[in-house]
Amino acid sequence: MPALRAALRDTVATRRVHVAGEVARTAILADRARAVVSRVDGEVRAHVVVSARGRVEPGLVEILPGSDAELAERLLAVLPQWRFRPAERRGGTRVRQLVLVTVRSRDRHTSVDLQPAPRPEP
């Protein structure tokens, strides 16, 4: 996704998107994630940018190859409603962070895993 790649190249301190290992405290879900309900088993993985205000930034979401199409649609529908505790640099400054979101659906049970994402290959 060109917008995400461009955001990751931005070096202006106030707009910079931080990746794994560049923050003192990583972004985490602040409340229960709205469910990504699916009737089929599958998995979706996505890179998302969590803003310094704790929201997923519109247009800065990339569904990764191999993801289940139905789960991807459902994830894209609920991401704007998710709230995060934003990532922080040393000193408590809130920053934008690239996060890898993995949603797995098995036997009508859905799990969500968040991890700080490394900088994707060009």
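The values are calculated or read from the model by the stated rules, or taken from the named source; none is laboratory data. This one's a predicted model, so the numbers in the text were calculated from it and none came from an experiment. As a convention, Cβ positions derive from the backbone with ideal geometry for all residues, glycine included, and neighbour counts pool all protein chains shown.
Can you name the residue in the range 77-118 that is within 20 Å of residue 35 (Cα to Cα) and acidic (Asp, Glu) and is also surrounded by the most Cβ atoms within 10 Å (Cβ to Cβ) among such residues? Before you say what the answer is, go through the steps one by one.
Step one: of the range 77-118, the residues within 20 Å of residue 35 (Cα to Cα) are 77-85, 99-115.
The next check asks that each one be acidic (Asp, Glu); those that pass are 107, 113.
Details: 107: 6, 113: 10.
The selected residue is 113.
Give the residues of the range 1-37 that are of a type in the set (Lys, Arg), surrounded by fewer than 13 Cβ atoms within 10 Å (Cβ to Cβ) and under 18 Å from residue 88 (Cα atoms), sorted by residue number.
Initially, the range 1-37 is screened for residues of a type in the set (Lys, Arg), giving 5, 9, 15-16, 25, 32, 34.
Checking which are surrounded by fewer than 13 Cβ atoms within 10 Å (Cβ to Cβ) leaves us with 5, 9, 15, 32.
If the condition is that a residue be of a type in the set (Lys, Arg), surrounded by fewer than 13 Cβ atoms within 10 Å (Cβ to Cβ) and under 18 Å from residue 88 (Cα atoms), then 15 is the only one that fits.
Quick check on residue 73: is it under 20 Å from residue 2 (Cα atoms) and of a type in the set (D, E, K, R)?
yes
Those residues that are surrounded by fewer than 12 Cβ atoms within 10 Å (Cβ to Cβ) and at pLDDT below 95, I need them from the range 38-54; list them, please.
Passing the criteria: 39, 40.
Can you work out which of the residues in the range 55-113 that are at positive phi and at pLDDT below 95 is nearest to the chain's Cα centre (by Cα)?
Applying the filter and picking the extreme gives 59.
List the strands (runs of 3 or more DSSP E) inside the range 41-122, counting only whole elements, that have at least 1 residues being of a type outside the set (D, E, K, R), in contact with a His (Cβ under 9 Å, 6 or more places away or on another chain) and closer than 22 Å to residue 16 by Cβ. Please lay out each step first, then the result.
Numbers: elements: 42-50, 56-63, 94-106, 109-116.
So the answer is 56-63, 94-106, 109-116.
Would you check if residue 32 is at pLDDT below 90 and in a helix (DSSP H, G or I)? Step through it out loud before you land on a result.
Numbers: at pLDDT below 90: yes; in a helix (DSSP H, G or I): no.
No.
Checking residue 74 against (1) more than 22 Å from residue 10 (Cα to Cα); (2) in contact with an Asp or Glu (Cβ under 9 Å, 6 or more places away or on another chain); (3) of a type in the set (D, E, K, R); (4) crowded, with 16+ Cβ neighbours inside 10 Å: exactly one of these is not met. Which one?
(2)
Quick one: residue 28 ticks every box in (1) in contact with an Asp or Glu (Cβ under 7 Å, 6 or more places away or on another chain); (2) within 15 Å of residue 113 (Cα to Cα) bar one, so which box is it?
Exception for residue 28: condition (1).
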